[in-house]
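Participant: Here it is, the structure in full.
Every read-out reported here was derived from the displayed coordinates using simple, explicitly stated rules and does not represent laboratory data. Computed from a predicted structure; not experimentally measured. When we count neighbours, we look across all protein chains shown, and the Cβ atoms used for this are built from the backbone with ideal geometry, even at glycine.
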Amino acid sequence: MLESGMLDTRNIVLTGFMGSGKSMVSRELGEIYRREVLSTDELIEQREGLSIRDIFETRGEPYFREVEAAVVKEVAERQEVIIDCGGGVVIDPANITALRRTGIIFYLHTSVESVLKQVLKNQKRPLLNVADPEARVRQLLTEREPLYRQADYTLETADNSVDEIVIKMREILDHD
Ligand code: S3P
């Protein structure tokens, strides 16, 4: 649980599956709390000079996860920032340990239907670029659900707008 008065320095960390709205929610929180927003995916792309899709294609997922872990370690050393985590950050327990040390972790929970609606709009998610994306989403969500649930707070996003999610987060952040 949050120690009272700690929000001043603690990071706000957003985790959740692809298409759960982490980036949009992060951006809005950044404006409200006047905090810098750090996206692990964007930092990985900057560092590698390649898109996520190209990193997966040319270097493979294990390499991507190594860079991701290095980026997570760095952003977790910051204070008073908002951290928008790629959906697979929770796979490596060291990532969660590092993020938890300096931040409050939120899990934006969503439904299979909502994920499919969001992520199939473009080809940016290499993990879902498969013959049966629905089966893949179900499988990954089932595998990861217990990992996401390690968050301090879980919020339902499937039927909620970005504004509604942000309101719920503010209630937690401002009153806990
Ligand atoms: C991934 C999620 C993506 C990105 C990469 C792998 C995952 O981030 O890091 O494609 O393993 O769930 P978003 O959750 O921001 O789409």
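Participant: Along the positive direction of the dipole of the stretch 78-176 (beta-carbon charges: Lys, Arg +1; Asp, Glu -1; about the Cα centre), which of 123, 99, 167 reaches farthest?
Facilitator: Working it through, the farthest residue towards the positive pole turns out to be 123.
Participant: If we count other beta carbons within 10 Å of each Cβ, what is the order of 18, 169, 24, fewest first?
Facilitator: Ordered from fewest to most neighbouring Cβ atoms within 10 Å, 18, 169, 24 come out as 24, 18, 169.
Participant: In degrees between 0 and 90, to the nearest 10, how far off the longest principal axis of the chain does helix 61-76 point, with axes built from Cα atoms?
Facilitator: Helix 61-76 sits roughly 10 degrees off the main axis of the chain.
Participant: Next up: Here are some pairs, 22/73; 22/121; 22/168; 121/168; 22/124; which of them have Cα atoms lying more than 25 Å apart in this structure?
Facilitator: 121/168
Participant: Find the Cα radius of gyration of the chain, compare it with 2.2 N^0.38 Å by division, and give the number to two decimals.
Facilitator: The value comes to 0.99.
Participant: If you don't mind, another one. Express in whole angstrom the spacing between the alpha-carbon centres of the stretch 44-88 and the stretch 91-142.
Facilitator: Centre-to-centre distance over Cα atoms comes out at 14 Å.
Participant: From the helices alone, meaning DSSP H stretches of at least four residues, give me the mean residue ellipticity at 222 nm for the chain, per-run term -39500 (n - 2.57), in deg cm²/dmol to the nearest 500.
Facilitator: After summing the helix terms and dividing by residue count, I get -16500 deg cm²/dmol.
Participant: Rounded to the nearest 0.05, what FRET efficiency is calculated for residue 53 and residue 27 with R0 set to 30 Å and r the Cβ-Cβ distance?
Facilitator: 0.85
Participant: Continuing with this model, one more query. Which value in nm describes the separation of the simple spin-label points at residue 156 and residue 61, placed 7 Å from the Cα toward the beta carbon?
Facilitator: So the label points at residue 156 and residue 61 sit 3.0 nm apart.
Participant: At 0.36 nm per residue, and after removing the present C-alpha to C-alpha distance, how many nm does the segment from residue 101 to residue 129 gain when stretched out fully?
Facilitator: 6.7 nm
Participant: I would also like to ask the following. Output the relative contact order of the chain, whole-number percent, from Cα pairs under 8 angstrom with separation of 6+ residues.
Facilitator: It comes to 34 percent, rounded to a whole number.
Participant: Amide H neighbours of residue 83 under 5 Å, counting only residues 5+ apart in sequence or on other chains, H built in-plane at 1.01 Å?
Facilitator: So residue 83 has HN proximity to 12, 13, 14, 38.
Participant: Using only the alpha-carbon atoms, how far is helix 133-148 inclined from the longest principal axis of the chain? Give it as 0 to 90 degrees, nearest 10.
Facilitator: The angle comes out near 30 degrees.
Participant: Work out the length of the dipole vector of the chain about its Cα centre, built from +1 on the beta-carbon of each Lys and Arg and -1 on the beta-carbon of each Asp and Glu, and round it to the nearest 20 debye.
Facilitator: Dipole about the Cα centre, nearest 20: 260 debye.
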